[in-house]
Amino acid sequence: MEPVNQDLDFNALIQRRHDELKELLAKGIQPFAYSFEVDNYSENIKSNFEKYENKDVKIAGRIMAIRRMGKASFTHIQDKDGKIQIYLKKDDVGESYEVFKLLDIGDIIGVEGFVFKTKTGEISVHTKSFSLLSKSLRPIPIPKETTDEKGNKVVHDQFADKEMRYRQRYLDLILNPEVKSVFKTRSKVVTEIRKYLDENGLVEVETPILQPLYGGATARPFATHHNALDIDLYLRIADELYLKRLIVGGFDGVYEISKDFRNEGMDKTHNPEFTMLELYVAYKDYFWMMTFVENMVANIAKNVFNTTEFNIEGNKVNFNPPWKRISMVDELKEKVGIDVLLASNEELIKLLKTKNVEMEGGESKGKLIDLLFDVTIQQTLIQPTFVTDYPVETSPLAKKHRSRKGLVERFEGFVLGREICNAFSELNDPMDQRSRFEDQAKMKEEGDEEAHQIDEDYVRALEYGMPPTSGLGVGIDRLIMLLTNQPSIRDVILFPQMRPQK
């Protein structure tokens with residue numbers, strides 16, 4: 001027996017649909033309509049059957065199954081909320097029934113009819129008339145369900161290949177309803193974030209995406225060129241420096257939910273294009289911000305999910321305040337037995353090598369401490385935890401610690417070993433800021449591609465005076481991953497970056 005050529009079979013299915021299209025046009029049927037007046041949806045009808053029984057409705061959706069029986073047919077259509085069965089009878093729709101014979105799974109139709117229950121008890125719409133709204137010219141890979149000997153449902157030919165689902169998100173959304181649910185939840189979470197910040201007196205603003213100097217984080221940027229001005233520009237890696245300029249200008253609280261871009265590797269928690277919440281509040285410090293963050297996340301959880309307790313990757317996680325607080329250097333001292341602030345670079349490097357950490361060479365002491373934290377503590381932080389007080393070398397925009405030399409007033413929030421937020425008591429001393437920028441410039445000269453640039457205009461803004469300020473950055477994508485229990489950042493970004501298809 002010769003092997004089946006799947007490409008030929010697929011091309012034959014496409015050709016059949018084009019042939020159907022020609023027949024529809026020959027019958028004077030417009031295969032791509034301009035509009036249809038929808039007045040109801042599948043889930044609303046099914047949830048309120050008593051209200052709609054024998055009442056006329058107008059619904060529209062994509063055909064997901066067809067069962068033809070001579071002069072009558074059953075079909076399931078899928079709208080924005082779910083699926084509902086449609087019953088068509090030739091005696092009711094007349095010559096249009098011949099048009100229905102030319103329809104396929106994937107076609108989008110509009111139906112006007114009355115709501116009823118079939119003999120098997122399924123809520124359905126008895127069609128009085130229907131319209132073809134869009135002819136599908138490619139076959140949708142509808143999964144087939146069978147039942148095994150034990151009565152279990154078995155799904156065949158499911159559209160489950162992760163890479164194809166990310167590349168063809170439109171098919172993923174059609175065939176996997178739970179995916180649409182994740183993105184609806186994402187929208188609700190972002191809405192709740194805005195509501196919480198607005199109610200707390202912060203003002204939503206917009207800052208430049210194209211920037212002459214990139215800053216606000218340590219990362220490599222994407223570069224571009226502006227032809228009219230003949231200058232190089234960078235896609236922003238953070239919003240921080242522009243938002244703090246607004247605090248200088250007299251805003252007491254600002255926030256931005258924005259797309260940021262970092263030219264870095266991709267893994268389950270990193271995408272080069274991602275969504276960030278950044279906010280800054282005058283006259284506050286990082287102690288105040290910890291309380292603000294835990295209350296904000298708990299508020300979102302309650303309003304969107306009606307709970308602060310989540311089962312995430314097999315772990316029970318509770319976002320209810322207060323979250324645990326630990327000092328990075330104190331925790332390291334307990335775990336590895338040395339005071340990392342007093343240790344030499346050589347001692348830290350030796351310790352990192354015993355843990356098989358790869359280093360490029362030339363790392364600052366702060367970077368070595370940060371690497372040690374990554375491999376000894378970070379993955380153990382399952383419950384929401386604030387890690388406080390970071391080395392000054394890794395935090396060029398944070399205020400020096402008020403009582404501990406060599407540290408800054410900074411915290412990061414971790415859940416399941418993942419960083420979800422980063423916050424400072426913001427550095428508002430322009431002389432200290434200039435010195436930090438100069439130190440970063442030296443690090444860049446020594447080969448650190450992620451070191452911060454010197455932003456003279458930002459220093460000038462600080463010289464006019466910025467009040468004490470606390471700032472926060474929250475990775476929206478990572479927060480959504482946790483709240484919806486998704487294993488990869490690509491599962492919460494509608495169109496994640498992908499390598500080109502060969």
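See the values below:
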| quantity | calculated |
| --- | --- |
| Output for the range 267-278, where each listed residue is in a strand (DSSP E or B) and either out of contact with any Asp or Glu (no Cβ under 8 Å at 6 or more places or on another chain) or not aliphatic (A, V, I, L, M) (or both) | Asp267, His270, Glu273, Phe274, Thr275, Glu278 |
| Any hit, the range 286-300, residues being out of contact with any helix residue (DSSP H, G or I) (no Cβ under 7 Å at 6 or more places or on another chain) and part of a loop (DSSP other than H, G, I, E, B) | no |
| Pairs with Cβ under 9 Å, 6+ apart, first in the range 132-143 and touching a residue at least 40 places away in the same chain (Cβ under 8 Å) and under 15 Å from Leu102 (Cβ atoms), second surrounded by fewer than 16 Cβ atoms within 10 Å (Cβ to Cβ) and of a type in the set (S, T, N, Q) | Leu132/Gln30; Leu133/Ser35 |
| Glu331, sole failed condition from (1) of a type outside the set (Val, Ile, Thr); (2) crowded, with 18+ Cβ neighbours inside 10 Å; (3) under 21 Å from the mean Cα position of the chain (by Cα) | (3) |
| Per-region count, the range 276-325, residues surrounded by fewer than 17 Cβ atoms within 10 Å (Cβ to Cβ), more than 22 Å from the chain's Cα centre (by Cα) and not charged (D, E, K, R) | 7 |
| Test: Ser364 is touching a Ser or Thr at 6+ places or on another chain (Cβ under 8 Å), more than 25 Å from Leu233 (Cβ to Cβ) and not assigned by TED's automatic domain parsing to the domain that holds Leu483 | yes |
| From Glu438, Glu463, residue being touching a helix residue (DSSP H, G or I) at 6+ places or on another chain (Cβ under 6 Å) and surrounded by fewer than 21 Cβ atoms within 10 Å (Cβ to Cβ) | Glu463 |
| Residues within the range 141-175 that are at pLDDT below 90 and part of a loop (DSSP other than H, G, I, E, B), tallied | 13 |
| Filter pass, Ile45 being over 29 Å from Gly28 (Cα atoms), touching a helix residue (DSSP H, G or I) at 6+ places or on another chain (Cβ under 7 Å), not aromatic (Phe, Trp, Tyr) and not in a loop (DSSP other than H, G, I, E, B) | yes |
| Subset of the range 365-385 [more than 18 Å from Ile338 (Cα to Cα) and surrounded by fewer than 22 Cβ atoms within 10 Å (Cβ to Cβ)] | Gln379, Thr380, Leu381, Ile382, Gln383, Thr385 |
| Gly201 modelled with pLDDT of 95 or more, under 30 Å from the mean Cα position of the chain (by Cα), part of a loop (DSSP other than H, G, I, E, B) and not β-branched (Val, Ile, Thr) | yes |
| Restricting the range 429-453 to residues that are without any contact (Cβ under 8 Å) to a residue 24 or more places away in the chain and closer than 21 Å to Ala223 by Cα, the residue that is farthest from the chain's Cα centre (by Cα) | Glu445 |
| Within the range 80-128, tally of residues that are in a strand (DSSP E or B) and either out of contact with any strand residue (DSSP E or B) (no Cβ under 8 Å at 6 or more places or on another chain) or not acidic (Asp, Glu) (or both) | 22 |
| Flag if Val111 is under 30 Å from Val293 (Cβ atoms), of a type outside the set (Ser, Thr, Tyr) and crowded, with 17+ Cβ neighbours inside 10 Å | no |
| Qualifying positions in the range 410-428 - among the acidic types (Asp, Glu) and either crowded, with 21+ Cβ neighbours inside 10 Å or more than 20 Å from the chain's Cα centre (by Cα) (or both) | Glu426 |
| Selection from the range 326-351 of residues that are part of a helix (DSSP H, G or I) and polar (S, T, N, Q) | Asn345 |
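Each row is one residue, and each column tells you yes or no for (1) surrounded by 15 or more Cβ atoms within 10 Å (Cβ to Cβ); (2) modelled with pLDDT under 95.
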position	(1), (2)
Met1	no, yes
Ala12	no, yes
Leu25	no, no
Glu53	no, no
Phe74	yes, no
Asp79	yes, no
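Yes or no, residue by residue, for (1) in contact (Cβ under 8 Å) with a residue 24 or more places away in the chain; (2) of a type in the set (Asp, Glu):
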position	(1), (2)
Asn11	no, no
Lys22	no, no
Asn48	no, no
Glu53	yes, yes
Ile59	yes, no
Arg68	yes, no
Ala72	no, no
His76	no, no
Asp79	yes, yes
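The values are calculated or read from the model by the stated rules, or taken from the named source; none is laboratory data. Model, not experiment: these values are computed from the prediction. Quick reminder, even Gly has a Cβ in these numbers, built from the backbone with ideal geometry, and neighbours come from all protein chains shown.
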